[in-house]
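Trainee: Handing you this structure, nothing more for now.
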Amino acid sequence: IEKLRVEEEERERVKWQEEQQKKAEEMLQREIQEYYADLPGPNTDTGVLTRLASILAYFLPLLDGVRFGLPLALAYPALQPLLVFLLPPLQFLNAIPLSQVIAFIIMQVVAGNPENPALLRFNLRQAVCLDVALFLPNILASCVDAIAGDQLPDELVMVLGALVFVPLMAIVGYCVVANLLGLAPRRIPALSEAAEMSMGMAPPSRSSDSNGRK
């Protein structure tokens, strides 16, 4: 009888643990849905001007990544109209001393103002994070140019450029489409989380872990 009682208690304990785990998972799912439903800030404007400004935020990283697309454009002429469109603003920025640094600072200041639309602020933060992510590839490319010059095979240059330019275009394309729909492009691994954290946000799972450690 004692053995049966212990087994019954064990089954009840396991059942209770499963129920608690299920409730915790359901609560986490609700928190995740709420987390992605809104951005912080009193200004929830997602009008046409806000959407266009949010898209323009990605011009800075796009211009910083143009150099990686040039070898691809030579091999695939279909890309040339895009680069022809981007080269004039790039030349304009290059003609102004410290223009990209100034643009970087302005984006940070605008993103840091909580009175601005949350959609715009998030995209500015994410564009800044994307631009920072391009810093290392640009440094490496400059070093390779200085050391090897034109000695690298064209195929290798194209492949190395594609490793940066193709993901960059995919990210920017996703952000453009999302913003046209009035949605925050918050599904980019690492970048979106970095942008959210810079706005004082933290994913529910991380928040729960932090609270648990406290």
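Each value in this text was obtained by applying a stated rule to the coordinates, not by laboratory testing. No experiment lies behind these values; they were computed from the predicted model shown. Counting neighbours? That spans all protein chains shown, and the Cβs are built from the backbone with ideal geometry, glycine included.
Trainee: So how far apart, in nm, are the two label points at E10 and L82 if each is 7 Å from Cα heading toward Cβ?
Mentor: About 6.1 nm, to one decimal.
Trainee: Further, regarding this structure: Measure nothing but the geometry: give the 0 to 90° angle between the long axis through the Cα atoms of 154-180 and the longest principal axis through the Cα atoms of the chain, rounded to 10°.
Mentor: Orientation of helix 154-180: about 60 degrees from the principal axis.
Trainee: Add +1 for every Lys or Arg and -1 for every Asp or Glu among the other residues with Cβ under 14 Å from the Cβ of P185, and state the total.
Mentor: Residues near P185 contribute +3 overall.
Trainee: State, as an integer percentage, the relative contact order of the chain based on alpha-carbon contacts under 8 Å between residues 6 or more apart.
Mentor: Relative contact order of the chain: 31 percent.
Trainee: Which one of Q29, L49, V101 is farthest out on the positive end of the charge dipole of the chain, using unit charges on Cβ (Lys, Arg +1; Asp, Glu -1) and the Cα centre as origin?
Mentor: The listed residue farthest towards the positive side: L49.
Trainee: While we're here: Compute the distance from the alpha-carbon center of region 65-140 to that of region 9-26, in whole Å.
Mentor: Region 65-140 and region 9-26 have Cα centres separated by 50 Å.
Trainee: Which value, in debye to the nearest 20, describes the size of the charge dipole of the chain about its Cα centre when Lys and Arg Cβ atoms bear +1, Asp and Glu Cβ atoms bear -1, and nothing else is charged?
Mentor: Computed about the Cα centre, the dipole is about 340 debye.
Trainee: Also, quick follow-up: I want the local charge near Y174. Using Cβ-Cβ distances under 15 Å, sum +1 for each Lys or Arg and -1 for each Asp or Glu among the other residues.
Mentor: Result for the neighbourhood of Y174: +3.
Trainee: Once the Cα atoms of the chain are picked out, what are the Rg and Dmax in Å?
Mentor: Using the Cα atoms of the chain, the pair Rg, Dmax is 23.9, 89 Å.
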